[in-house]
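A.B. asks: After the structure tokens below, expect a handful of questions from me.
The values are calculated or read from the model by the stated rules, or taken from the named source; none is laboratory data. Computed from a prediction, not measured in an experiment: that's the story for all the values here. Please note: Cβ atoms are built from the backbone with ideal geometry, for glycine as well, and neighbour counts cover all protein chains shown. When the accessible area is computed, the model is the full protein with side chains, heavy atoms only, and any ligands, DNA or RNA have been set aside. Shrake-Rupley method; radii C 1.70, N 1.55, O 1.52, S 1.80 Å.
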Amino acid sequence: YQAILGSADPDDLQGWLAAVTAVVLTDLFSAIAVTVAISLSENHFDREVLREALGPGLLAAVVNTSMALLVIVLVLNRPTGLPLVAVVLFVLAVAYRAHVRLSAGYSRLQQLYQFVGSAERPANLYDAVATVLADARQVLRAERAELVVLPASGAPGSRRSLDDSGTVRVDDYSRPNPETDAWWAPATLGEPVLRPHTSSTGQPDQQASGGRLGTTDAGAPRDGIAVPLVAEGRVYAVLLVADRSFQGQTFTRDDLLLFETLAAHAAVALDKARLMDRLRRVAAEREHEARHDTLTGLPNRRAFTEALGAVTEESGYGAVLFLDLDDFKDINDTLGHDAGDTLLQRIGQRLKSTAPGMVARLGGDEFAVLLPGLSGEQALDVAHDLYSAVSRPVSLHSVTLVTKVSIGIALLPQHGSDTNEVLRHADVAMYEAKSSSSSVEMYRPENGRAVERKLVLAADLPGAIGGH
């Protein structure tokens, strides 16, 4: 101001220019300083804050300074004109207040639109809850936001809150805490709650109506809003915000109306996310059932074949063990199918805990083990370990059984280049082990040719007998 004014009269044109320039520069510096402070506090630079300060803020600074200079000129030169200026100032003040109300309403509407858009994007319940809580805290300018899921039909409730890092914290919830939760308890009955901050006289700092007015409770937040979330005709959760960020302000009826609208959209978004999570969970269960044996819980033939195909395509090096229980039919016939199922479960557990690779039940009393990267000698060692594990006594229906198993081994890529061929050769080796009572056999090409000769002879025998 002094640099521009120099020795000129503050009341002339140069003085006016100095005053306007000084105020504009001061306003500009203040806007930048406030923006930097907010950015450092929130670890995020918001261009909108600076834009609003430099746009309407600078314009208001120029207008206010010009009006002040006009008043000074009138005071010094024509005091009788001051009432006319007062009328103009009054009209401007009324217009400015109307502009502020319209701007606030537009800002709330924009925030609501942004919330609706962001709440519909998350594809899972966790992200949906995090988005709802973060946006609720931002839109209502609150220090904290919580989603309290009420217990229902024997299912426990939960209390979800957002920490400063944006992570959703989940705590168990069974009943309200009388000291801290009594203020929002009416929301569990479907009634929105508005709790404004009260002054030292016990009166609300701002007039509020619409919704139940909260009372002061020990341990409760300074102020807050709580609204019910309704689905299928019942209140299943309560969404609440508490502790207005600016202590000089508190929640009002307009905030309650905005929060109720926000909560209605949040209920739809959360219900959609919960439904999507349920569909994904059901799909995962169906996929698990399609790839696993229902009796033993082990992977089934389909899963084993896919895993074997992946090993064949990637490295093509490893071993396949084909296992078949000896005399399993006698156990079923003697002790019943329940005992046979129990035995298969026990055997599956032993194989899984002993084998260093994937164990699958192919069907009936047949199991398979995939050993990627193992040589023939290593596969033989694993086969003998599995034979010892299966041969341990098993107690069934007050009867102690000693189960034997026949194991055939086929190697990749020596004994086959595709899944069907490797499994077939391991099966041939298993039958060789069973017929020779050797328990463990490595596949040999002559074993396969012997099997083929048997099949050919079996097919030719009826014709030979008829010709004779």
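A.B. asks: Taking every pair of distinct Cα atoms and averaging 1/r, then inverting, what Kirkwood hydrodynamic radius in Å comes out for the chain? It would help to have the intermediate numbers written out before the result.
C.D. replies: Details: mean 1/r = 0.0328 Å⁻¹.
Roughly 30.5 Å, rounded to one decimal.
A.B. asks: Return the distance in nm (one decimal) between the two label points of a simple spin-label model at Ile465 and Arg444, each offset 7 Å from Cα along Cα→Cβ.
C.D. replies: It is 3.1 nm.
A.B. asks: Compute the normalised compactness of segment 1-108: alpha-carbon radius of gyration over 2.2 N^0.38 Å, N being the residue count. Mind showing how you got there, number by number?
C.D. replies: Working: Rg = 17.4 Å, N = 108, 2.2 N^0.38 = 13.0 Å.
Here the Cα radius of gyration is 1.34 times the empirical estimate.
A.B. asks: Another one. In segment 320-387, what is the volume of the convex hull around the alpha carbon atoms, normalised per residue and reported in Å³? Walk me through the numbers before you get to the answer.
C.D. replies: Working: hull volume 5.0 nm³, N = 68.
Per residue, the Cα convex hull of segment 320-387 comes to 73 Å³.
A.B. asks: At 1.4 Å probe radius, can you tell me the per residue accessible area of segment 1-88 in Å²? Provide the component values of the computation, followed by the final result.
C.D. replies: Values: 6030 Å² over 88 residues.
In whole numbers, segment 1-88 has 69 Å² accessible per residue.
A.B. asks: What full-extension length gain, to one decimal in nm, is calculated for Glu366 and Glu260 as 0.36 nm per residue of separation minus the Cα-Cα distance?
C.D. replies: Answer, rounded to one decimal: 32.0 nm.
A.B. asks: With +1 on the Cβ of every Lys and Arg and -1 on the Cβ of every Asp and Glu, and nothing else charged, how large is the dipole of the chain about its Cα centre, in debye rounded to the nearest 20?
C.D. replies: Details: 42 positive and 57 negative charges, 207 e Å.
Approximately 1000 debye in magnitude.
A.B. asks: What is the percent carbon and sulfur in the accessible area of the chain, measuring with a 1.4 Å probe over the protein chains and ignoring ligands? Spell out each step's value before the answer.
C.D. replies: Details: 15090 of 26550 Å².
Whole-percent figure for carbon plus sulfur exposure: 57.
A.B. asks: OK, next. Can you give the local net charge around Val227? Use residues other than it whose beta-carbon is closer than 10 angstrom to its beta-carbon, Lys and Arg +1, Asp and Glu -1. The partial results should precede the final answer.
C.D. replies: Values: positive: none; negative: Glu191, Glu260.
Within the 10 Å Cβ shell, the charges total -2.
A.B. asks: Now for a separate question. Full-extension gain between Ser245 and Ser39, please, as 0.36 nm times their residue separation minus the C-alpha to C-alpha distance.
C.D. replies: Working: separation 206, 0.36 × 206 = 74.16 nm, distance 1.57 nm.
Using 0.36 nm per residue and subtracting the Cα-Cα distance, I get 72.6 nm.
A.B. asks: Skipping prolines and chain starts, which residues have an amide H placed within reach, meaning under 5 Å, of the one on Gly157, given they are 5 or more residues away or on another chain?
C.D. replies: Tyr173
A.B. asks: While we're looking at this one, here's another question. Suppose every Lys and Arg Cβ carries +1 and every Asp and Glu Cβ carries -1, with no other charges. What dipole size does segment 381-440 come out with about its Cα centre, to the nearest 20 debye?
C.D. replies: 300 debye
A.B. asks: On to the next question. Could you give me the radius of gyration and the Dmax of segment 47-86, taking only the C-alpha atoms into account and expressing both in angstrom?
C.D. replies: 14.5, 46
A.B. asks: Would you be so kind as to identify which of Thr252, Ala68, Leu102 lies farthest towards the positive end of the dipole of the chain, taking Lys and Arg as +1 and Asp and Glu as -1 on Cβ and the Cα centre as origin?
C.D. replies: Ala68
A.B. asks: Taking R0 as 60 Å, what FRET efficiency do you get between Asn124 and Gln14 from their Cβ-Cβ distance, rounded to the nearest 0.05?
C.D. replies: 0.35
A.B. asks: Can you compute 3J(HN,Hα) from phi for each residue in segment 168-181, using the Karplus curve 6.51 cos²θ - 1.76 cosθ + 1.60 with θ = phi - 60°, rounded to whole Hz and x for Gly and Pro?
C.D. replies: Here the 3J(HN,Hα) series is 7, 9, 10, 10, 5, 9, 10, 8, x, 7, x, 7, 10, 10 Hz.
A.B. asks: I would also like to ask the following. Which helices count as membrane-span-like in the chain under these terms: full DSSP H, at least 27 Å along the axis by C-alpha, Kyte-Doolittle mean of -1.0 or more? Before the final figure, lay out the partial values.
C.D. replies: Working: long enough: 13-42 (44 Å, 1.54); 56-77 (31 Å, 2.05); 82-120 (56 Å, 0.85); 253-291 (56 Å, -0.37); 445-467 (33 Å, -0.01).
Length and hydropathy pass: 13-42, 56-77, 82-120, 253-291, 445-467.
A.B. asks: Quick check on the chain: helices-only [θ] at 222 nm, where DSSP H runs of length 4 and up contribute -39,500 (n - 2.57) each and the sum goes over total residues. Nearest 500, please.
C.D. replies: -18500 deg cm²/dmol, from helical runs alone.
A.B. asks: To continue, here is another question. State the extension gain, in nm to one decimal, for the chain segment bounded by Leu84 and Gln345, taking 0.36 nm per residue of separation less the distance between their alpha-carbons. Working shown, then result.
C.D. replies: Working: separation 261, 0.36 × 261 = 93.96 nm, distance 9.78 nm.
My answer for the length gained is 84.2 nm.
A.B. asks: Ranked from the most accessible area to the least, with a 1.4 Å probe and all protein chains present, what is the order of Tyr126, Tyr173, Tyr387? Please report the intermediate quantities before stating the final value.
C.D. replies: Numbers: Tyr126 100, Tyr173 15, Tyr387 50 Å².
Correct descending sequence by accessible area is Tyr126, Tyr387, Tyr173.
A.B. asks: Quick one: which residues, 5+ away or cross-chain, put their amide H under 5 Å from the amide H of Met358? H built at 1.01 Å from N.
C.D. replies: Residues meeting the amide H criterion: Leu370.
A.B. asks: Roughly how many nanometres apart are two label points built 7 Å out from the Cα toward the Cβ at Ala182 and Ala389?
C.D. replies: The answer from the label model is 6.1 nm.
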